[in-house]
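Only one structure is covered here, and it is reproduced in the block below.
The values are calculated or read from the model by the stated rules, or taken from the named source; none is laboratory data. What you see is a predicted model, and the numbers here were worked out from it, not measured in a lab. Heads up, the Cβs are rebuilt from the backbone with ideal geometry, glycines too, and the neighbour counts pull from every protein chain shown. What goes into the accessible areas is simple: the full protein's heavy atoms, side chains included, and nothing from ligands, DNA or RNA. Shrake-Rupley method; radii C 1.70, N 1.55, O 1.52, S 1.80 Å.
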Amino acid sequence: MRLSVNIDHFATLREARKSKVPEPVLAALLAEQAGASGIVCHIRGDRRHIRERDLRLLRQSIKTKLNIEMAATEEMKKIALDIIPDTVSLVPEEEHEITTQGGLDVIKNKERMAPHIRSLQQKRIKVSIFVDPSEEQIKTCAELNVDLIEINTGRYADLEAGAERNKAEKEIANAAKTAHKLGLEVHAGHGLDYWNIRPIAAIQEIKEFSIGFAIIARSSIVGIEKAVKDMLHLLE
Ligand code: PXP
């Protein structure tokens, strides 16, 4: 069971003040030291958090795997072919969304995506697709010969514990089984936190989790005591 840490929101904080801190690359190195198997970040069209400079520094410095989430556009493909991350995760992207809304509709976009995927794979970049837990979508991912899929756990994560959430959990488990049978490596992520992770972590076919917001939110809280003490020390 592997954990990849999404560091986007360290960059969100940095961009809130157009500052040099917190440095997302440093956060990535510390996440690796703590045992993360990989670092994930999402470069968006509006560059609201991660920028090209971050990608270049991450590529040069991290020792685990670099997974860049991006839309399947020509602009983003150019960036991927320049950086050569270990993995590109193709995600849908809307201009004003707060975070990624749902998986990519690969059935609708199949023809457009096939050459896009191939040109990344030709440079030995693994291609992942962020997809809803739907059998039809997953079958199409297999037909597109992607290397892996990331099942969208966002809907599950938005639900309160109860019958609806149990149903969403089963959909994720079934989707993971389908993907595994089709020979795809299975990852999962979006909205996973310290309260809802357990049932999803118990799904054997899921080999890796991509988690960002919950970890960064907790790190800001568990670090506050030390941050205040460090400042008091300087004031003394
Ligand atoms: N996977 C994908 C495809 C995402 O877009 C995101 C959010 O950037 C995540 C996983 C991580 O989600 P969260 O920040 O809610 O843990």
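Numbers below:
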{"quantity": "Residue list for region 48-107, restricted to those being touching a Lys or Arg at 6+ places or on another chain (Cβ under 6 Å) and among the acidic types (Asp, Glu)", "calculated": "86"}
{"quantity": "Residue in region 48-78 that is least open to solvent (accessible area, probe 1.4 Å), counting only those that are in a helix (DSSP H, G or I), more than 16 Å from the ligand (Cβ to nearest atom) and under 24 Å from residue 13 (Cα atoms)", "calculated": "61"}
{"quantity": "Meets criteria (in a loop (DSSP other than H, G, I, E, B), closer than 22 Å to residue 1 by Cα and open to solvent by 50 Å² or more (accessible area, probe 1.4 Å)) for residue 101", "calculated": "no"}
{"quantity": "Verdict on residue 175 being within 16 Å of the ligand (Cβ to nearest atom), modelled with pLDDT of 95 or more and farther than 23 Å from residue 39 by Cα", "calculated": "yes"}
{"quantity": "Checking residue 81 against (1) modelled with pLDDT under 95; (2) open to solvent by 30 Å² or more (accessible area, probe 1.4 Å), the condition it does not meet", "calculated": "(1)"}
{"quantity": "Leading residue by the ranking (farthest from the chain's Cα centre (by Cα)) among those in region 188-236 that are of a type outside the set (A, V, I, L, M, F, W, C), closer than 12 Å to residue 1 by Cα and within 13 Å of the ligand (Cβ to nearest atom)", "calculated": "208"}
{"quantity": "Set 145, 152: member being touching a strand residue (DSSP E or B) at 6+ places or on another chain (Cβ under 9 Å) and either open to solvent by 90 Å² or more (accessible area, probe 1.4 Å) or basic (Lys, Arg) (or both)", "calculated": "145"}
{"quantity": "Filter result for the condition that a residue is in contact with a helix residue (DSSP H, G or I) (Cβ under 8 Å, 6 or more places away or on another chain) and over 20 Å from residue 39 (Cβ atoms), over 123, 110, 78, 63", "calculated": "110"}
{"quantity": "Count - residues of region 206-236 that are of a type outside the set (A, V, I, L, M, F, W, C) and buried (at least 19 other Cβ atoms within 10 Å of the Cβ)", "calculated": "3"}
{"quantity": "Of all residues making up region 157-168, the number that are within 19 Å of the chain's Cα centre (by Cα) and surrounded by 14 or more Cβ atoms within 10 Å (Cβ to Cβ)", "calculated": "1"}
{"quantity": "Residues of region 122-159 satisfying the condition of being more than 20 Å from residue 112 (Cα to Cα) and either part of a helix (DSSP H, G or I) or at pLDDT below 95 (or both)", "calculated": "135, 154, 155, 156, 157, 158"}
{"quantity": "Residue 185 vs. criteria more than 24 Å from residue 70 (Cβ to Cβ), acidic (Asp, Glu) and within 21 Å of the chain's Cα centre (by Cα)", "calculated": "no"}
{"quantity": "Residues that are crowded, with 20+ Cβ neighbours inside 10 Å and farther than 15 Å from residue 78 by Cα, drawn from region 114-131", "calculated": "128, 129, 130, 131"}
